[in-house]
1. Under 7 Å between Cβ atoms, at least 6 apart or on separate chains: pull out the pairs that start in region A:228-256 with a residue that is within 14 Å of another protein chain (Cβ to nearest Cβ) and end on any residue that is in a loop (DSSP other than H, G, I, E, B) and of a type in the set (D, E, K, R).
2. Among the residues of region A:274-308, write down those that are among the β-branched types (Val, Ile, Thr) and surrounded by 19 or more Cβ atoms within 10 Å (Cβ to Cβ).
3. Are any of the residues in region A:166-183 facing chain B (nearest Cβ under 9 Å), of a type in the set (Phe, Trp, Tyr), in a helix (DSSP H, G or I) and free of Cβ contacts under 8 Å to residues at least 60 places away in the same chain?
4. May I ask you to say which residue of A:Thr212, A:Thr216, A:Thr250 is of a type outside the set (Gly, Ala, Ser), over 22 Å from A:Phe10 (Cα atoms) and buried (at least 24 other Cβ atoms within 10 Å of the Cβ)?
5. Which numbered condition trips up B:Lys97, out of (1) part of a loop (DSSP other than H, G, I, E, B); (2) free of Cβ contacts under 8 Å to residues at least 60 places away in the same chain?
6. Is it the case that A:Phe196 is assigned by the TED database to the domain that holds A:Gln108 and either under 13 Å from A:Val323 (Cα atoms) or assigned to a loop (DSSP other than H, G, I, E, B) (or both)?
7. Would you mention how many residues in region A:188-197 are away from ligand 1 (no atom under 11 Å from the Cβ) and either more than 12 Å from chain B (Cβ to nearest Cβ) or among the small types (Gly, Ala, Ser) (or both)?
8. With respect to the numbered conditions (1) touching a residue at least 12 places away in the same chain (Cβ under 8 Å); (2) away from chain B (no Cβ under 14 Å); (3) within 16 Å of ligand 2 (Cβ to nearest atom); (4) under 22 Å from A:Leu318 (Cβ atoms), which one is the sole condition not fulfilled by A:His410?
Amino acid sequence: MVPNQNSVCFRNMHLAATTRHTLDAYRSLGGYVQWEKILRERPDPADIIEEIKLSALRGRGGAGFPTGLKWSFMPRNAPGQKYIVCNSDEGEPGTCKDRDILRYNPHQLIEGMAIAGYCIGATVGYNYIRGEFYEPIQRCEEAIREAYAAGLLGKDIQGSGVDFDLYNHLGAGAYICGEETALLESIEGKKGQPRFKPPFPAQFGLYGRPTTINNTESLASIPVILEKGGQWFLAQGRPNNGGPKLFSVTGHVARPDNFEVPLGTPFRDLLELAGGMKDGRALKAVIPGGSSVPVVPGDVMMDVDMDYDSIAKAGSMLGSGAVIVIAEGTCMVKVLHNLSHFYMHESCGQCTPCREGTGWLERVLRRILDGKGRPGDLDLLDSVAGRIGGRTICALGDAAAMPVQSFLKHYRHEFEHLIEHGQSMAA
Amino acid sequence: MSFRNAPLAVIHDRDKTTLFTPEIREQIDIWIAKYPAEWKQSAVMPALTIVQDANGGWLTPELMNDVAAYLDMPEVSVYEVATFYGMYDLEPQGRHKVCVCNSVSCLLLGSEELIEHVEHKYDVRLGETTADGRFTFKEVECLGACRHAPAVLVDKTYHENLSPQALDKLIDELE
Ligand SMILES: Cc1cc2nc3c(=O)[nH]c(=O)nc-3n(C[C@H](O)[C@H](O)[C@H](O)COP(=O)(O)O)c2cc1C
Ligand code: SF4
Ligand code: FES
C-alpha cells in the first residue's frame, strides 16, 4: 500500500523549489494563521497544551517524550525570563531530516517556536543550528528577517501585548551538543558537556532559567496540529503514536530519501517507497532509528511497523527516525567499528565509563577487523559495553553500548569468524 | 558539566577598539546583541568562527586571546571552546578544506573509496595538507546529508552523491 505522504512538516514540498521556503509561499498554505489567531484571541495556553497532548505528538529528536506533557512541566506563570530552545543540531548518523525542514520550510518552524513560547511563557527563543549547515542557516536567517518585517515577531506583536524574539545560534561541530543540556551549555559559551540531572531544564535551563528544548520536527509540527486539531493528528498515526513522522531512509536502498509517512506504516511499505533494495540485493539488517539504537535482522524488520511501540517490541527504538538499511554481503564487524569510532570521537570525556569505554570498544573492534582479534575479545566487548550503559551522565554512553550488544547478539558468528580466520565472512 | 551558572566575566586591560578590524567587531556585535547583556560569552562560538574565517581558516593563540578580551572572558575559557569543537583549527590550513563524511550511511555507499582515492591521487593523508597548500583533507562525522551519501563538505558547500571522479573534478577546480 502506498502511504499518505507529506502532510505536516513537508506539506509545502509540492511548491516550487525556488520559492517554497519564503514567507509568501508559507502564507499560501495557511501559514501563520494559527499564530495570528493566538495573538488576536489570547487563548488559555493550558487549552493549547491539552490539544497537543491529545495529538500524541512525541518528541522527534530521539527520546520520543510526549511534547504536550513536556510543555506542561514549565512553570509558565513563574516570574522572570523563560526560554524555548529548538534543537537543530542534527548529527545522529543516518539522520538528515531537520536539515530539510530548515532549508525548505523554515517559517513553519518559526511559527511552531512562537506558539511554543506562548504556551510555556517564554518570550525569547533560540534555534541551535549545527555550524556545518551553511545553507539552512542562511534560509533561517532570511526567514527570521522576513517574519520580523511582517510584524510576526518582536515586542507587543500586532498590538497583542505578546512578545516573542527569536534568534539562531550556531554550533561548531560537536555531536554531543545535540544532548539538550550540552546544547544549553554551548549557548552559554562553554564546552558542550551535558549537565547532571536533576535539576531538569524546565526548572534550571538556559542561563539558569526555566527552558523547554524540542527538536526541529516536533516544533514544526505544532502549527498543523493547531490548524487541523489534535484528534486529526492522532488519527494520522496510531494510539500513543500520533501523526506522520519523517523517516530518513539511507544505505543500501535504490532511492534513499526523507519520507514523511504516518507512524505505523509497515517497514516493507517504507522500503518500497525508497525503491526497494539497491541493485536487487537481499536485505540483511536494519538500524531503524539512527546509529544509537539496536540493529534488527532484516527478516524480523520486514514484519515491523514504523511506530515507537512496534519498534520497541521488536527490540529496538524509533529514535530519530533514521532508517539505515544494510544489504547482504556487508561486513557487520566493519559497520559496528564505524559506529564505535563515532562514539569514541564524540564522547565529551567527563564520565570515565564513557570516555574510556568508547575507546576500548573502538580499539578492540579495530584489532578484530585487522585480523588480530583474540579469543576473549567478544567477552571483553560485552563486558565493556555492559559497564558503560546506565553509568553515565548522558545517554551517549548508552548509545555507544547498545549497538555493540545488539550486533554481538545477532551477528556473533561474523565476529567469531573474523577472529578465527583473520578475514571477514563478507569478503 | 558546570553547576556554576554565572558568566565568568573578567575585564582585560585592553582597548577593544584596537582588537580586530571594525568590520569584524561589527559582525561580532550582531551576535552579542542576541544574548542577555551579562552573557556576552554566549557569542564566543560565532566570534571564533568569524575570526577564523578572516585568518585563512585557523586560530592563533593571539586571536583567541583577542576574542577573550573582546568578550570579557578568561582566556582559558576561550581555549576550552576552541579545542572542544571540531570546526575550529589551531594549526595552519590549506587554502581549502575538503571534509569527507565517513559515518555509517556514507560508509555503506563508498566513503572509504573516496578517502583512499584522494589519499593516493593527491598524496595526502587524513588531517594533512597537500604539498602545494591547495587543500587540507579531513574526515568528519555525519554531515546530516545521509540521503545523498557519500557527502563531502568543501569549505562551506555541501556536495552529495559523490563518485571519486566527481570529487576529483571538484578538487581540480579549487585554486
Ligand atoms: C548524545 C545525544 C545526542 C542528541 N542529538 C540530538 C539532536 O541532534 N537533535 C535532537 O533534536 N535531539 C537530540 N538528542 C535528544 C535531546 O537530548 C532531546 O531529547 C531532544 O532534543 C528533545 O526534543 P524532543 O522532545 O522534541 O524530541 C540527543 C541526545 C543525546 C543523548
Ligand atoms: S556519557 Fe559520555 S558524552 Fe555523555 S556526559 Fe558522559 S562522557 Fe560525556
Ligand atoms: S552519514 Fe554521511 S552525511 Fe550522514
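The values are calculated or read from the model by the stated rules, or taken from the named source; none is laboratory data. A quick note: this is a predicted structure, and the numbers were derived from the prediction, not measured. FYI the Cβ positions are ideal-geometry reconstructions off the backbone, even for glycines, and counts take in every protein chain you see.
1. Qualifying pairs under 7 Å: A:Leu246/A:Lys97; A:Ser248/A:Lys97; A:His252/A:Arg281.
2. Residues of region A:274-308 that are among the β-branched types (Val, Ile, Thr), as a first pass: A:286-287, A:293, A:295-296, A:300, A:304.
Listed by number, the residues that qualify are A:Val286, A:Ile287, A:Val293, A:Val295, A:Val296, A:Val304.
3. No: zero hits.
4. Working: A:Thr216 fails: over 22 Å from A:Phe10 (Cα atoms); A:Thr250 fails: over 22 Å from A:Phe10 (Cα atoms).
Checking each option against the conditions leaves just A:Thr212.
5. If we test B:Lys97 against (1) part of a loop (DSSP other than H, G, I, E, B); (2) free of Cβ contacts under 8 Å to residues at least 60 places away in the same chain, just (1) comes out false.
6. Details: assigned by the TED database to the domain that holds A:Gln108: yes; either under 13 Å from A:Val323 (Cα atoms) or assigned to a loop (DSSP other than H, G, I, E, B) (or both): yes.
Against the criterion (assigned by the TED database to the domain that holds A:Gln108 and either under 13 Å from A:Val323 (Cα atoms) or assigned to a loop (DSSP other than H, G, I, E, B) (or both)), A:Phe196 qualifies.
7. Here the count works out to 1.
8. (3)
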